[in-house]
Amino acid sequence: MNDTLTAVPASFFCDRFGLDDGCLTATLGTALERRVDHADLFFEYTTEDSVALEEGMVKTGDRRLSQGVGVRVQAGERQGYAHSDEITVESLQVAANTARAISEGPGPGHAVAVHSALAPARNLYPVTRPPTDVPVDQKVALLGEIDAYARSLDPRVKQVMASVVAQHRLVLIAASDGTFAGDVRPLVRLNVQVIAANAAGSRRESAYQGMGGRFELERVLDPKAWRPLVAETVRLACLNLDAISCPAGTMDVVLGPGWPGILLHEAVGHGLEGDFNRKKTSTFADRIGQRVAAPGVTVVDDGTIPTRRGSLNFDDEGTPTQRTVLIEDGILRGYLQDRLNARLMGMAATGNGRRESYAHLPMPRMTNTFMLAGTDPPEDIVRSVQRGLYAVSFSGGQVDITSGKFVFSANEAYLIEDGQIGRPVKGATLIGNGPDALLRVSRVGNNLELDRGVGTCGKDGQSVPVGVGMPTIRLDALTVGGTEA
């Protein structure tokens, strides 16, 4: 393990709450007094602040603190979990007894060893100052500058809403197999929304853009970072004022690079998570080694990319994150695994055990999920379509994990006519089935991009930060829903 990295949270929890090796060992020993397979402790101390601007003024500002510990005990498929927002020796013992009572089986327990396992000697997101330590007046000033700059770009801008969110999270994990890992996790995000109206005031359109990641807040404060973001938001809002209704029907669709990877995340990524496949509720269950996508399609999940929103030094079970190839040249190669589902399926954990907070059980979740680049120039892909849709960005969608069926709404899209990008359209929705859509990929661009760092993934009531990405791709004969009369 990178001892320096773990030493910071370990010392913090020891000094603030009086924890030591003996306390951790005793708590795990209590959890393992009966026959169980595994027990672990997850400590968390998080500070978060946010400042939001609307109608030309900063209207809200919040600062929150969250602390607590979760104790998990596993026996077979059963998991007992108890958590407390008090971090004391007494609360740890109560939580351990409760979790064990839920999941325990007959027979004796076994010995506990803490501090024996090693984690990766790396730090993917070193920061010199926690983002929550930046004075609030600097954040207020940033929002004021964003408001003024957006309005200066186009007189049609009528409303600007912006917010900056900073988080500093310390976690410490100790488990009965000897895992002992600590991490300091920064996270920042800037959100900008613009409402524009035409000269007559008869039509109003909005647009949203954001950026973020695991880095210092100073990166967001730099005008070289936020000005292009604001300009892009203004451009999209004003562009939508001239958008026409999207026609409906079956047509070839070109997806732009970057954020359209959210379709890949939702329609395919969730179906490759271990729990859905162990329970055989995913359309990808028992299909490893089979073709699930067109040749040339390779999809990976990589939690090791420095400073990315979805990256982690190790997951919320203490397993090092890694680069996992899910689909290789169209062939399914593996699933995303936490420790429980990996053990039950006889597979290796992939570092994808994630949880929203100490009050939640970990489960298999994505980190940064994207399709690798191909060889086609993006302009050639567009030219290859006689009549179709070019979708640049999506605002949301719905997916059925069992069937893979999806519906996604595009918030920036254009008609393609005779190989040329034409007028912008509004009301475009993509309708299809995830595995079927992957088989319809006929061209893969050479321009892989990752999103700007705004992704948040929801599953079973939990939300975690993630990243997505893809190159420009062509999907043949996809169903497009529209609003054209």
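The values are calculated or read from the model by the stated rules, or taken from the named source; none is laboratory data. Model, not experiment: these values are computed from the prediction. Positions of Cβ are generated from backbone atoms using ideal geometry, with glycine treated the same way; all protein chains shown enter the neighbour counts.
Hey, can you tell me all the residues within the stretch 284-309 that are under 26 Å from ASP177 (Cα atoms) and in a loop (DSSP other than H, G, I, E, B)?
Scanning the stretch 284-309 gives GLY303, THR304.
Please specify each residue of the stretch 122-139 satisfying the condition of being outside any loop (DSSP other than H, G, I, E, B) and over 17 Å from ARG309 (Cα atoms). Show your work before the answer.
Kept after step one, since they are outside any loop (DSSP other than H, G, I, E, B), are these residues of the stretch 122-139: 131-133, 136-139.
ASP133, VAL136, ASP137, GLN138, LYS139 - these are the residues of the stretch 122-139 that are outside any loop (DSSP other than H, G, I, E, B) and over 17 Å from ARG309 (Cα atoms).
Criterion first (closer than 19 Å to VAL36 by Cβ, at pLDDT below 95, among the small types (Gly, Ala, Ser) and out of contact with any helix residue (DSSP H, G or I) (no Cβ under 7 Å at 6 or more places or on another chain)) does ALA121 satisfy it?
Values: closer than 19 Å to VAL36 by Cβ: no; at pLDDT below 95: yes; among the small types (Gly, Ala, Ser): yes; out of contact with any helix residue (DSSP H, G or I) (no Cβ under 7 Å at 6 or more places or on another chain): yes.
Against the criterion (closer than 19 Å to VAL36 by Cβ, at pLDDT below 95, among the small types (Gly, Ala, Ser) and out of contact with any helix residue (DSSP H, G or I) (no Cβ under 7 Å at 6 or more places or on another chain)), ALA121 does not qualify.
Output the number of residues of the stretch 428-441 satisfying the condition of being crowded, with 17+ Cβ neighbours inside 10 Å and in a strand (DSSP E or B).
5
Going residue by residue through the stretch 54-71, is there one that turns out to be more than 16 Å from ARG355 (Cα to Cα), touching a Lys or Arg at 6+ places or on another chain (Cβ under 8 Å) and surrounded by 14 or more Cβ atoms within 10 Å (Cβ to Cβ)? Break it down stepwise before answering.
Here is the first cut: in the stretch 54-71, the ones more than 16 Å from ARG355 (Cα to Cα) are 54-65.
Remaining after also requiring touching a Lys or Arg at 6+ places or on another chain (Cβ under 8 Å): none.
Among the residues of the stretch 54-71, not one is more than 16 Å from ARG355 (Cα to Cα), touching a Lys or Arg at 6+ places or on another chain (Cβ under 8 Å) and surrounded by 14 or more Cβ atoms within 10 Å (Cβ to Cβ), which makes the answer no.
Only residues that are within 26 Å of LEU172 (Cα to Cα), of a type in the set (Gly, Ala, Ser) and part of a strand (DSSP E or B): list them for the stretch 44-77, please.
Within the stretch 44-77, SER50, SER66, GLY68, GLY70, ALA75 qualify.
Go through the stretch 341-376 residue by residue and tally those that are assigned to a loop (DSSP other than H, G, I, E, B) and charged (D, E, K, R).
Result for the stretch 341-376: 3.
If PHE314 passes every condition in (1) free of Cβ contacts under 8 Å to residues at least 40 places away in the same chain; (2) buried (at least 23 other Cβ atoms within 10 Å of the Cβ) but one, which one does it miss?
Condition (1) is where PHE314 drops out.
Within the stretch 401-419, track down each residue that is under 11 Å from LEU389 (Cα atoms) and among the small types (Gly, Ala, Ser).
ALA410, ALA413, GLY419
Conditions (1) within 22 Å of ARG452 (Cα to Cα); (2) of a type in the set (S, T, N, Q); (3) surrounded by fewer than 19 Cβ atoms within 10 Å (Cβ to Cβ), marked per residue:
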| residue | (1), (2), (3) |
| --- | --- |
| ALA141 | no, no, yes |
| TYR149 | yes, no, yes |
| ALA166 | yes, no, no |
| ALA175 | no, no, no |
| LEU187 | yes, no, no |
| GLN193 | yes, yes, yes |
| ALA196 | no, no, no |
| ALA199 | no, no, yes |
| TYR208 | yes, no, yes |
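Which condition from (1) buried (at least 22 other Cβ atoms within 10 Å of the Cβ); (2) not in a loop (DSSP other than H, G, I, E, B) is the one that VAL392 breaks?
(1)
Confirm whether PRO126 is within 21 Å of the chain's Cα centre (by Cα), assigned by TED's automatic domain parsing to the domain that holds PHE42 and surrounded by 20 or more Cβ atoms within 10 Å (Cβ to Cβ).
no
Kindly indicate whether GLU449 is at pLDDT 95 or above and buried (at least 18 other Cβ atoms within 10 Å of the Cβ).
In short, yes.
Of the residues that make up the stretch 256-271, is at least one surrounded by fewer than 16 Cβ atoms within 10 Å (Cβ to Cβ) and either touching a strand residue (DSSP E or B) at 6+ places or on another chain (Cβ under 6 Å) or more than 23 Å from GLN167 (Cβ to Cβ) (or both)?
No, the stretch 256-271 has no match at all.
Quick one: how many residues across the stretch 395-422 are in contact (Cβ under 8 Å) with a residue 40 or more places away in the chain and outside any strand (DSSP E or B)?
Residues in the stretch 395-422 being in contact (Cβ under 8 Å) with a residue 40 or more places away in the chain and outside any strand (DSSP E or B): 4 in total.
Name every residue in the stretch 310-325 that is part of a strand (DSSP E or B), within 17 Å of the chain's Cα centre (by Cα) and either closer than 15 Å to PHE370 by Cα or in the same structural domain as ASN123 (by TED's automatic domain parsing) (or both), in order of residue number.
ARG323, THR324, listed by residue number.
How many residues does the stretch 190-244 hold that are among the polar types (S, T, N, Q) and either touching a helix residue (DSSP H, G or I) at 6+ places or on another chain (Cβ under 8 Å) or farther than 25 Å from TYR414 by Cα (or both)?
The total comes to 4.
Restricting the search to the stretch 326-340, which residues are farther than 21 Å from CYS457 by Cα and part of a loop (DSSP other than H, G, I, E, B)?
Within the stretch 326-340, ASP329, GLY330, ARG333 qualify.
Right, LEU5: buried (at least 17 other Cβ atoms within 10 Å of the Cβ), at pLDDT below 90, under 25 Å from the mean Cα position of the chain (by Cα) and over 30 Å from LEU142 (Cα atoms) or not?
Details: buried (at least 17 other Cβ atoms within 10 Å of the Cβ): yes; at pLDDT below 90: yes; under 25 Å from the mean Cα position of the chain (by Cα): yes; over 30 Å from LEU142 (Cα atoms): yes.
The answer is yes for LEU5.
From VAL468, VAL425, grab the single residue that is touching a helix residue (DSSP H, G or I) at 6+ places or on another chain (Cβ under 8 Å) and assigned to a strand (DSSP E or B).
VAL468
Which residues, taken from the stretch 15-44, are closer than 17 Å to GLY68 by Cβ and surrounded by fewer than 16 Cβ atoms within 10 Å (Cβ to Cβ)?
Of everything in the stretch 15-44, those that are closer than 17 Å to GLY68 by Cβ and surrounded by fewer than 16 Cβ atoms within 10 Å (Cβ to Cβ) turn out to be ARG16, GLY18.
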